[in-house]
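Visitor: Quick one: structure below, then a few questions.
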Amino acid sequence: MPEALALALATPGLLWVCAAACLSGLVYGFAGFGSALVFMPLAVIFLPPPLAIAAFSLSALASLFTMIPKAWPKADQRQTILMVAASLVTMPLGVALLRWTPEVTIRACVCGLTLLTLAALVAGWKVPLRGGTPLRAAVGAMSGITGGSTGLNGPPVILFNLGTDQPVEVTRANLACFLTFNALFLMPMMYIQGAIDGFAVWVGALMLLPYAAGTMIGTALFRPEAAGVYKTAAYILIALAGIMGLPIWGA
């Protein structure tokens with residue numbers, strides 16, 4: 001057995017982290033968003049933020065098979081590609097912030113951004129967004145910074161999509177595709193900057209199956225006519241994760 005794998009298997013709290021990966025995949029499957037908003041606040045209780053971010057980005061590989069085949073044909077593909085490209089330009093800056101910032105501060109930022117995003121969602125964020133290509137590029141760039149520094153690449157894009165007048169199925173597909181494609185580039189960028197090593201790859205590999213199982217179950221459960229129920233369930237789980245992950249509990 002490779003030494004890095006043995007160390008990964010001995011990681012304190014690994015079972016809880018895998019359970020969080022399964023739960024986040026479940027939310028992603030039935031809501032089309034929220035995987036990182038559920039996973040990251042819970043994972044940073046047990047793992048250093050760089051390790052949690054890198055491992056979760058690897059688990060996004062599962063979404064290539066469980067979510068993308070159905071989501072990509074329904075997505076606004078041009079918009080998605082543009083926003084992913086813009087996020088890649090700024091992602092190295094986000095990773096640099098992750099490296100320079102104390103872990104407790106990153107953990108607080110993860111939970112704070114999670115709860116702020118949830119507050120906007122619950123409040124029914126519907127601010128009309130107009131600006132065409134420049135606005136989409138700006139949203140993607142902002143997501144690259146938040147994703148690289150906290151692992152939360154979703155909030156800017158989630159709020160952007162809620163401010164458009166696209167059908168629910170298109171919005172859901174846009175989010176699923178952006179979050180998956182964006183996450184796939186994060187681990188390589190972290191490795192290039194020296195933020196992680198091979199240990200993170202093994203931890204992420206151990207999360208692949210539980211995350212894939214969660215997304216498959218969530219996707220199978222999804223029914224368009226019950227979108228409100230799934231959204232409410234996602235909000236509750238995001239709230240619990242954000243509160244539990246706050247560093248004030250001393251974990």
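Any read-out appearing in this document is the output of simple, stated calculations on the displayed coordinates, not a laboratory observation. Being a predicted model, the structure only gives us computed values, none of them experimental. Glycine gets a Cβ as well: all are built from the backbone with ideal geometry, and neighbour counts include every protein chain shown.
Visitor: Assigning unit charges at the beta carbon (Lys, Arg +1; Asp, Glu -1) and nothing else, what dipole magnitude in debye, to the nearest 20, does the chain show about its Cα centre?
Guide: 500
Visitor: Which whole-number percent is the relative contact order of the chain (Cα, under 8 Å, 6+ apart)?
Guide: 42
Visitor: Treat the count of other C-beta atoms within 10 Å as a stand-in for reagent exposure and order PHE199, PHE30 from fewest to most. Intermediate results must be reported in sequence, preceding the final value.
Guide: Details: PHE199 17, PHE30 24.
Fewest-to-most Cβ neighbours within 10 Å comes out as PHE199, PHE30.
Visitor: Whats the longest run of the chain with zero trypsin sites (Lys or Arg not before Pro) that are DSSP loop and have at most 13 other Cβ atoms within 10 Å?
Guide: Numbers: sites that count: LYS126, ARG130.
By the stated rule (loop sites, at most 13 other Cβ atoms within 10 Å), 1-125.
Visitor: If you don't mind, there's one more thing I want to ask. Treat the count of other C-beta atoms within 10 Å as a stand-in for reagent exposure and order THR171, THR180, THR150 from fewest to most.
Guide: The fewest-first ordering by Cβ neighbours comes to THR171, THR180, THR150.
Visitor: To continue, here is another question. Calculate, in nm to one decimal, what TRP72 and ASP197 gain on full extension: separation in residues at 0.36 nm each, minus their alpha carbon distance.
Guide: Separation in residues times 0.36 nm, less the Cα-Cα distance, equals 41.8 nm.
Visitor: Which of rounded, prolate or oblate describes segment 37-183 when judged by the alpha-carbon gyration tensor and an a/c cut-off of 1.5?
Guide: Taking the square roots of the gyration eigenvalues as a ≥ b ≥ c, segment 37-183 is prolate.
Visitor: Can you classify segment 128-168 as rounded, prolate or oblate using the Cα gyration tensor, where a ≥ b ≥ c are the square roots of its eigenvalues, rounded means a/c under 1.5, and otherwise it's prolate if a/b beats b/c and oblate if not?
Guide: oblate
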